[in-house]
Amino acid sequence: MKENILRDADYVYHFDRELYFNRGARKVFSAEFIADHREDEITRSIEEPGTGNGWMFYANSPIPASIQQELESVLG
């Protein structure tokens, strides 16, 4: 069901990085975040307005800035 929520919101799974992303929304969800959170929490996070300044990352623990920059580069 969680994968359906993400797919319906145009999120794509990146197998190498084990994350879901949406270039239009500029949001990234780690696979662990998806596994550990309820469907309603994921839906709220998807619907949360973006910052307009770069990507938003959802993970169980903070993602180091260097990794965020690398992901931003890879995802476009």
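Computed quantities for the displayed model
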{"read-out": "Those residues of region 6-17 which are surrounded by fewer than 16 Cβ atoms within 10 Å (Cβ to Cβ) and either in contact with a strand residue (DSSP E or B) (Cβ under 7 Å, 6 or more places away or on another chain) or modelled with pLDDT of 95 or more (or both), in sequence order", "value": "Arg7, Asp8, Asp10, Val12, Tyr13, His14"}
{"read-out": "Selection from region 24-47 of residues that are outside any helix (DSSP H, G or I) and charged (D, E, K, R)", "value": "Arg26, Lys27, Arg38"}
{"read-out": "Every residue from region 24-62 that is without any contact (Cβ under 8 Å) to a residue 40 or more places away in the chain, of a type in the set (A, V, I, L, M, F, W, C) and closer than 20 Å to Lys2 by Cβ", "value": "Ala25, Phe29, Ala31, Phe33, Ile34, Ala35, Met56, Phe57, Ala59"}
{"read-out": "Count - residues of region 52-66 that are more than 12 Å from Tyr20 (Cβ to Cβ) and under 14 Å from the mean Cα position of the chain (by Cα)", "value": "7"}
{"read-out": "Condition met for Phe21 (free of Cβ contacts under 8 Å to residues at least 40 places away in the same chain and either crowded, with 17+ Cβ neighbours inside 10 Å or in a strand (DSSP E or B) (or both))", "value": "no"}
{"read-out": "Evaluation of Arg26 against (1) of a type in the set (D, E, K, R); (2) touching a Phe, Trp or Tyr at 6+ places or on another chain (Cβ under 9 Å); (3) surrounded by fewer than 17 Cβ atoms within 10 Å (Cβ to Cβ) (one fails), failing number", "value": "(3)"}
{"read-out": "Any hit, region 13-35, residues being touching a Ser or Thr at 6+ places or on another chain (Cβ under 6 Å) and not hydroxyl-bearing (Ser, Thr, Tyr)", "value": "yes"}
{"read-out": "Selection within region 48-76 - surrounded by 15 or more Cβ atoms within 10 Å (Cβ to Cβ) and outside any loop (DSSP other than H, G, I, E, B)", "value": "Met56, Phe57, Tyr58, Gln68, Leu71, Leu75"}
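The values are calculated or read from the model by the stated rules, or taken from the named source; none is laboratory data. Just so we're clear, the structure is a prediction, and the values are computed from it rather than from any experiment. In this analysis, Cβ positions are derived from the backbone assuming ideal geometry, glycine residues included, and neighbour counts consider all displayed protein chains.
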